Structure formats: structure tokens, C-alpha cells
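As C-alpha cells, the structure follows; a few thoughts come after it.
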Amino acid sequence: MKLFVINGPNLNMLGIREPGIYGSESYKDLCEMIKKHAADRNIEVDIFQSNHEGDLVDKIQSAYGVCDGIVINPAAYTHTSVAILDAVKAVAVPTVEVHISDVSKREDFRQISYIRSACDTTIAGHGFNVYIEAMDYLIDKYGE
Ligand code: DQA
């Protein structure tokens, strides 16, 4: 089984950006945790981060026929991007939306998620562990 883990804008600043909300661990720490979990669960993982909406769309499109599931944290594009929603619908690869923080308890503008309607489920508010939970969800549901 092969999963894509796709991260949107400013997630490369983890550890520096708003540590009270996103924690003190870095993006590199997150990638290492994801790679270790993939190895433990005996699956392949391709981790990608971009600050650019079109690059995120390109990466989602590249999942077509190539991978079995997507874990995506669209970050701020969650709340604005029809293009990312349409890309997930286009490839029809099982997708889980994740957020490090509990977006349901934050500002009003974070209550809108365009991507959510195209996702199997949303996991939010458990720190970096949301990525592990999302990977396990996809492996348990769609893996061999
Ligand atoms: C986030 C929540 C978003 O509202 C925010 O724009 C982010 C990160 C999260 O992981 O909690 O950049 O997706």
C-alpha cells in the first residue's frame, strides 16, 4: 500500500510558528514520525509540503492511479480552496483531512472546510498524532 501525506502552507514552520497552538516539534520531526509509522505498518509513504495552492493541486492530481490513499492537511487552504476540493474529487482516491489543532474550537473562519465533503473523515485536535490516526484509518480500511 502507498499513501501520500500532503501538507499545505506554513506547516514547514512547525516548531517556530505559534508553538502554543501547534507545539514545539519541527516539520522534520513530523516527517520522521510519519516515516517511522509507515515502516512499522509496512507501507510506502510519500510526504510533500508546499506553500502554493497550484503545487498542492498538482500533487493531488499525481495521486491518480499511483497511490491508495491521501492524508492531507491543507492548512489555511482548508478554509478557502475550491481548487483543492475539486482535485480530491477528480482523483477519487480515499482521503482523510487532518488538522493539528482543534479547528472546531477556533475562529469562525476556520469552521468552513471546503475539502471536508470529499474526504472519508476528518481528524483534528490531537497534535501530530492526527497523522498517525489518519494513516491507520486508511491502512485498516483500504490496505491488504
Ligand atoms: C491547521 C489549521 C488551519 O486553520 C491553519 O490555517 C493551519 C493549520 C492545523 O493543522 O491545525 O495552518 O490546518
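If you keep only loop residues by DSSP, which chymotrypsin sites (Phe, Trp or Tyr not before Pro) in the range 1-101 have at most 16 other Cβ atoms within 10 Å of their Cβ?
Values: sites: PHE4, TYR22, TYR27, PHE48, TYR64, TYR77; in loops: TYR64.
Those satisfying the criteria are TYR64.
Counting Lys +1, Arg +1, Asp -1, Glu -1, what net charge surrounds HIS52 among other residues with beta carbon under 11 Å of its beta carbon?
-2
Residue by residue through the range 67-74, what is 3J(HN,Hα) from phi via Karplus (6.51 cos²θ - 1.76 cosθ + 1.60, θ = phi - 60°)? Round to whole Hz and write x for glycine and proline.
Going residue by residue, I get 10, 9, x, 10, 9, 10, 10, x Hz, with x marking Gly and Pro.
Restricting attention to the range 29-115, which GluC sites (Glu not before Pro) occupy a DSSP loop and are surrounded by at most 12 other Cβ atoms within 10 Å? Please list the in-between numbers first.
Values: sites: GLU32, GLU44, GLU53, GLU97, GLU107; in loops: GLU107.
Here the GluC sites (Glu not before Pro) that fit, given the DSSP loop and packing criteria, are GLU107.
Using a probe of 1.4 angstrom, how much of the accessible area of the chain is carbon and sulfur, in percent?
On the chain, the fraction of accessible area on carbon and sulfur atoms equals 49 percent.
How would you order 6-14, 126-134 from highest to lowest mean count of nearby Cβ atoms within 10 Å?
Ranking, from highest mean packing down: 6-14, 126-134.
Could you tell me how many cubic angstrom of Cα convex hull volume the chain has per residue? Please report the intermediate quantities before stating the final value.
On the way: hull volume 13.3 nm³, N = 144.
Per-residue hull volume (Cα only) is 93 Å³.
Which of the three applies to the range 1-67, rounded, prolate or oblate, going by the alpha-carbon gyration tensor with a ≥ b ≥ c and a/c under 1.5 meaning rounded?
It is oblate, given that a/c is not under 1.5 and a/b is not larger than b/c.
Expressed in nm to one decimal, what extension gain is obtained for the pair LYS35 and ARG106 from 0.36 nm per residue of sequence separation less their Cα-Cα distance?
22.6 nm
Show me the trypsin sites (Lys or Arg not before Pro) within the range 16-50 that DSSP assigns to loop and that have at most 15 other Cβ atoms within 10 Å of their Cβ.
In loop regions of the range 16-50 (DSSP not H, G, I, E or B), the sparsely surrounded trypsin sites (Lys or Arg not before Pro) are ARG17.
Find how many whole Å separate the alpha carbon centroid of the range 79-144 from the alpha carbon centroid of the range 1-58.
13
Give me the 1.4 Å probe accessible area per residue for the chain, excluding ligands and nucleic acids, in Å².
Here the residues of the chain average 48 Å² of exposed surface.
The values are calculated or read from the model by the stated rules, or taken from the named source; none is laboratory data. Computed from a predicted structure; not experimentally measured. Reconstructed Cβ throughout: ideal geometry from the backbone, glycine too, with neighbour counts over all protein chains shown. Just the protein is used for accessible areas: all its heavy atoms, side chains included, with ligands, DNA and RNA removed. Shrake-Rupley method; radii C 1.70, N 1.55, O 1.52, S 1.80 Å.
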